[in-house]
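Where a number appears in this text, it was derived from the coordinates with a stated rule and is not lab data. Small disclaimer: the values here were computed from a predicted structure and weren't measured. Neighbour counts are summed over all protein chains in view; Cβ atoms, including those assigned to glycine, are modelled from backbone coordinates with ideal geometry.
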Amino acid sequence: MEIKKETLEKILNSDVNFKRLYSEHAKLKLKIENLNKIKFPTAHEEIEKKQHQKQKLILKDKMEEIFSQVK
């Protein structure tokens with residue numbers, strides 16, 4: 001789902017829950033990017049990355065649900 005910048009800013013400023021979800025999503029994205037940079041990840045790091053990816057998708061679904069209600 002593509003969200004216009006001004007619409008995103010409007011939701012971030014008006015919905016505390018969306019802002020929290022957005023912040024968590026951004027943190028997970030950074031963690032995943034850092035784990036992807038590891039050349040030879042351990043089994044634990046692979047599991048951690050998969051867990052972060054799943055959580056990130058859950059957050060994205062929740063944000064899209066809030067966004068669809070605002071539209």
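In nm, to one decimal, how far is the Thr7 label point from the Lys39 one, both placed 7 Å along Cα→Cβ?
4.4 nm
Helix 16-36 versus the longest principal axis of the chain: what is the Cα-based angle in degrees, 0 to 90, to the nearest 10?
Helix 16-36 sits roughly 20 degrees off the main axis of the chain.
Can you give the charge dipole size of the chain about its Cα centre, rounded to the nearest 20 debye, using +1 on the beta carbon of Lys and Arg and -1 on the beta carbon of Asp and Glu?
140 debye
Just subtract the alpha-carbon distance of Gln51 and Glu24 from 0.36 nm times their residue separation and send over the number in nm, one decimal.
Gain in length upon complete extension: 8.4 nm.
I'd like the orientation of helix 5-14 relative to the chain: the angle between its Cα long axis and the longest Cα principal axis, in ° from 0 to 90, rounded to 10.
Tilt relative to the chain: about 80 degrees.
Any idea what angle helix 43-70 forms with the longest principal axis of the chain, computed on alpha-carbon atoms, 0 to 90 degrees, nearest 10?
10 degrees
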